[in-house]
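Student: I'd like to ask you about the structure that follows.
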2 protein chains.
Amino acid sequence: MKLTSKGRYAVMALVDLARFDNINPVSLRDISLRQGISLDYLEQIFSKLKKNEIVKSIRGTQGGYVLNKNPNEIKLTNIFHAVDEKVKTVQCKKESKKGCNGKATKCVTHNLWDELEVHINTFFENKSLKDLLNNNQETRV
Amino acid sequence: MKLTSKGRYAVMALVDLARFDNINPVSLRDISLRQGISLDYLEQIFSKLKKNEIVKSIRGTQGGYVLNKNPNEIKLTNIFHAVDEKVKTVQCKKESKKGCNGKATKCVTHNLWDELEVHINTFFENKSLKDLLNNNQETRV
DNA sequence: TATAAACTTGACCATTTTAGTCGGGTATGT
DNA sequence: ACATACCCGACTAAAATGGTCAAGTTTATA
């Protein structure tokens with residue numbers, strides 16, 4: 001199971017972006033400064049976000065990134081998926097149905113991880129960028 | 001966030017143990033063979049489970065491990081906690097309340113990870129070893 | 001009482017993942 | 001032209017993971 005700071009940074013950066021992209025594109029430099037995330041690392045992350053059509057880029061001076069969808073359409077699942085954070089726990093071969101560890105039967109925890117995966121994914125399905133924006137209004141800079 | 005095979009092995013091993021400890025203690029060697037987990041690695045795991053009073057050990061020939069509680073009293077939370085699987089996502093300093101990344105305000109995702117942590121922990125609070133035993137009766141060896 | 005089964009402890013280690021850095025690009029507004 | 005900003009791929013130090021290995025101690029039982 002992976003849920004590390006790459007996913008966290010992606011969310012932080014997108015929330016930042018959502019707040020400031022009303023008129024102009026937002027540069028990674030600004031996000032980097034405001035959120036305290038390395039610029040080079042942000043570029044890696046945004047490259048993936050772009051490939052997954054979560055953001056659009058505008059090159060050249062005064063360029064930057066803008067959201068490609070409404071904040072309420074961007075679910076956290078989408079974000080994590082984009083940056084390769086796999087919310088995934090089962091090491092067992094899924095396709096085989098039985099025989100997780102070379103044995104003839106499903107390993108005893110197989111169903112458990114499946115359930116957990118669903119549980120977590122549901123949580124992320126139901127959270128959008130918009131929810132985070134509202135949630136943090138009071139602590140806004 | 002960590003939820004790796006150490007936690008998975010711990011659960012697998014304890015389910016195995018719960019099935020076979022009716023009369024005699026169960027040796028790690030047997031668990032190792034049945035579950036396909038390295039004996040040396042199991043020893044590390046059980047050392048922690050013992051420290052956390054989830055199992056008891058009986059030394060000497062015919063020795064092994066037995067559960068220290070009823071299966072329905074052993075929650076998955078307890079197991080993961082014992083083997084140092086931290087179901088924990090926030091990198092931010094919790095105690096500081098504000099100032100996650102050296103900034104003056106809470107980072108925008110702070111509340112999110114708190115929520116997720118609660119969400120996952122609830123899942124594990126509500127699952128006991130007994131649930132897993134029942135769940136897998138049909139695929140039993 | 002010798003022996004083997006089983007737990008106990010701690011050090012060690014190869015591989016993979018993480019969280020970046022670095023160095024070069026290319027596009028474009030002014 | 002030039003500075004700003006995106007683009008892209010290679011590289012890397014440090015940590016985590018998933019173990020192995022060695023050298024014990026304890027105790028049932030033949």
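The values are calculated or read from the model by the stated rules, or taken from the named source; none is laboratory data. Bear in mind the structure is a predicted one, so any value in this text is a computation, not a measurement. When we count neighbours, we look across all protein chains shown, and the Cβ atoms used for this are built from the backbone with ideal geometry, even at glycine.
Student: Within region B:1-28, how many residues turn out to be assigned to a helix (DSSP H, G or I) and at the interface with chain A (Cβ under 8 Å from one of its Cβ atoms)? I'd like the intermediate steps shown before the answer.
Tutor: Of the residues in region B:1-28, the ones assigned to a helix (DSSP H, G or I) are B:5-20, B:28.
Still in the list and also at the interface with chain A (Cβ under 8 Å from one of its Cβ atoms): B:5, B:8, B:11-12, B:15-16.
Looking only at that region, the number is 6.
Student: Residues in region B:1-30 that are in contact (Cβ under 8 Å) with a residue 12 or more places away in the chain and either under 16 Å from the mean Cα position of the chain (by Cα) or under 20 Å from B:Glu73 (Cβ atoms) (or both): how many? Step through it out loud before you land on a result.
Tutor: Taking region B:1-30 and keeping what is in contact (Cβ under 8 Å) with a residue 12 or more places away in the chain, we get B:1-4, B:6-7, B:9-19, B:21, B:24-28, B:30.
From what is left, the residues that are either under 16 Å from the mean Cα position of the chain (by Cα) or under 20 Å from B:Glu73 (Cβ atoms) (or both) are B:1-4, B:6-7, B:9-19, B:21, B:25-26.
Matching residues across region B:1-30 total 20.
Student: Also, I was wondering about something else. Select from region B:1-54 the residues that are in contact with a strand residue (DSSP E or B) (Cβ under 7 Å, 6 or more places away or on another chain) and aromatic (Phe, Trp, Tyr) and write down the one among them that is farthest from B:Trp113 (Cα to Cα).
Tutor: Residue satisfying both the conditions and the ranking: B:Phe20.
Student: Applying the selection to region A:109-141, what residues are modelled with pLDDT of 80 or more, over 16 Å from B:His119 (Cα atoms) and facing another protein chain (nearest Cβ under 7 Å)?
Tutor: Hits for region A:109-141 are A:Asn111, A:Leu132.
Student: Let me ask you something else. Kindly provide the set of residues from region A:57-68 that are exposed (fewer than 15 other Cβ atoms within 10 Å of the Cβ) and not hydrophobic (A, V, I, L, M, F, W, C), ordered by number.
Tutor: Pass one, region A:57-68, residues exposed (fewer than 15 other Cβ atoms within 10 Å of the Cβ): A:58-63.
Across region A:57-68, the qualifying residues are A:Arg59, A:Gly60, A:Thr61, A:Gln62, A:Gly63.
Student: Is it fair to say A:Lys106 is surrounded by fewer than 17 Cβ atoms within 10 Å (Cβ to Cβ) and at pLDDT below 85?
Tutor: Values: surrounded by fewer than 17 Cβ atoms within 10 Å (Cβ to Cβ): no; at pLDDT below 85: yes.
Taking the combined requirement at face value, the residue does not satisfy it.
Student: Here is a further query. Filter region B:29-84 for residues that are within 15 Å of DNA strand D (Cβ to nearest atom) and at positive phi; which is modelled with the lowest pLDDT? Walk me through how you get there before you give the answer.
Tutor: First pass over region B:29-84, keeping only residues within 15 Å of DNA strand D (Cβ to nearest atom): B:29, B:31-33, B:35-48, B:50, B:56-66, B:79-84.
With the extra rule that they be at positive phi, the set shrinks to B:36, B:60, B:62, B:64, B:84.
Details: B:Gly36: 91, B:Gly60: 95, B:Gln62: 94, B:Gly64: 96, B:Asp84: 72.
The selected residue is B:Asp84.
Student: Still on this structure: What residue, among those in region A:29-51 that are surrounded by 15 or more Cβ atoms within 10 Å (Cβ to Cβ) and under 14 Å from A:Phe80 (Cα atoms), is farthest from the other protein chains (Cβ to nearest Cβ)?
Tutor: Within region A:29-51, the match that is farthest from the other protein chains (Cβ to nearest Cβ) is A:Lys50.
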